[in-house]
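Participant: Before I ask anything, here is the structure I am working with.
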Amino acid sequence: MPELLTLQRLAASLTVALDVRALERFALYRDLLLDWNQRVNLTRITEPGEVELRLFGDALALHPYVRRQAEAHPAARARRLIDVGSGAGFPGLPLKIVDPTLDVVLLEATGKKVTFLEAAIAELELDGVRAVHGRAEDFAHQSAFRARFDLVTARGVARLPTLLEVCLPFLRPGGWGIFPKGRDAAVEASDSANALATLGARLLDVDPAPLPELEGTVIVVAEQVGPVPSGYPRRAGLPVKHPL
């Protein structure tokens, strides 16, 4: 069994259960990521221990909020998560590994990264997860995606006012956006008051990651209260150039 001692310690501190199969998948995922990264620019992190800490650990820090959303809004159906700008699969793919019951979509605009995600999904033998090639500004207006998800995540995509506009339209009322941010998260949250009001959402949490090893990571959580007005998100480019 792969040791992954750093990951096991972080998971235990977060009360996230990792069985043998999950550990095997994380070890394989790490190895695939580092191998592909020699040919495709997937991440600046190239040390196995740092993959465990900064990529897997940051993703697992979101899982307590995934559980809280389920407790606050129980659903009879499979709960759906979309990871916007998924890149090499973070945080959506680790969340799928620790909670196989989630139905996950990894949305990514770069074709080479989508190719990696498809290969990783196949190698990890995961069901109920798929990689989709495209931009959030386009997919959020499609009926198969708009207001269809219980959870939306995104890592390192944009400042929070922009992130809310491109992510929240995917959520059903009662759905949560869960976003790992950096040290400026409180400022970004303060700057997001207009975006939240315009999009029909409210801020729930701006919490430092609960582990000292993840110092600098802040988790921002927003709840979608009602439907997002039909004009949002605006076309690609506008949410960044002219944030709400």
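Participant: Does the stretch 150-204 come out rounded, prolate or oblate, given a ≥ b ≥ c as the square roots of the eigenvalues of its C-alpha gyration tensor, rounded meaning a/c under 1.5 and, failing that, prolate meaning a/b above b/c?
Facilitator: It is oblate, given that a/c is not under 1.5 and a/b is not larger than b/c.
Participant: I would also like to ask the following. Give the long-range amide H neighbours of Gly175: residues separated by 5 or more places, or on another chain, with amide H under 5 Å away, using H modelled in the peptide plane at 1.01 Å from N.
Facilitator: Gln224
Participant: Taking only C-alpha pairs under 8 Å that are 6+ residues apart, what is the relative contact order of the chain in percent?
Facilitator: 17 percent.
Participant: To check my understanding: the extent here is largest minus smallest coordinate of the Cα atoms along each principal axis. What are those three numbers for the chain, in Å, largest first?
Facilitator: Its Cα atoms span 49, 37, 35 Å along the three principal axes.
Participant: Within the chain, what is the longest stretch that has no GluC sites (Glu not before Pro) placed in a DSSP loop and near at most 12 other beta-carbon atoms within 10 Å?
Facilitator: The longest uninterrupted stretch comes out as 4-124.
Participant: If the elastic network links every pair of Cα atoms under 10 Å, which of Leu62, Leu102, Leu34 fluctuates the most in the Gaussian network model of the chain?
Facilitator: Residue with maximal mean-square fluctuation among Leu62, Leu102, Leu34: Leu34.
Participant: While we're on this one: How large is the helix-only mean residue ellipticity at 222 nm for the chain, computed as the sum of -39500 (n - 2.57) over DSSP H runs with n ≥ 4, divided by its residue count, in deg cm²/dmol to the nearest 500?
Facilitator: After summing the helix terms and dividing by the residues of the chain, the value is -10000 deg cm²/dmol.
Participant: Give me Arg183, Arg25, Arg80 sorted ascending by neighbouring Cβ count inside 10 Å, so fewest comes first.
Facilitator: Arg183, Arg80, Arg25
Participant: For Ala144 and Asp19, compute 0.36 nm times the residue count separating them, minus their Cα-Cα distance, and round to one decimal in nm.
Facilitator: Contour length minus Cα-Cα distance gives 41.7 nm.
Participant: Another question, then. So, in the chain, how many Lys pairs have Cα atoms under 23 Å apart, if the pair is 8 or more places apart or on different chains?
Facilitator: Lysine pair count for the chain: 5.
Participant: Another question, if that's okay. For Leu28, project a label point 7 Å along Cα to C-beta. Then give me every residue of the stretch 115-133 with its amide nitrogen under 13 Å of that point.
Facilitator: Label zone hits: 119-127.
Participant: Give me the net charge of Asn41's neighbourhood, meaning all other residues with Cβ under 11 Å from the Cβ of Asn41; Lys, Arg count +1, Asp, Glu -1.
Facilitator: +4
Participant: Antiparallel DSSP bridges in the stretch 109-244: what percent, to the nearest 5?
Facilitator: 75
Participant: With a sphere of radius 10 Å drawn around the Cβ of Val220, what net charge do the other residues whose Cβ falls strictly inside it have (Lys, Arg +1; Asp, Glu -1)?
Facilitator: -2
Participant: How large is Rg over Rh for the stretch 18-69, taking Rg from the Cα atoms and Rh as the Kirkwood inverse mean of 1/r across Cα pairs?
Facilitator: Reported Rg/Rh, Kirkwood definition of Rh: 1.03.
Participant: Continuing with this model, one more query. What is the extension gain from Asp184 to His242, computed as 0.36 nm multiplied by their sequence separation minus the C-alpha to C-alpha distance, in nm to one decimal?
Facilitator: Between Asp184 and His242, full extension yields 18.9 nm more.
Participant: Share of antiparallel DSSP beta bridges in the chain, in percent to the nearest 5?
Facilitator: Of those bridges, close to 40 percent are antiparallel.
Every number in this text was worked out from the coordinates using simple rules, so none of it is lab data. Predicted model only: the values in this text are computed from it and were never measured. Virtual Cβ from ideal backbone geometry, glycine too; neighbours counted across all protein chains shown.
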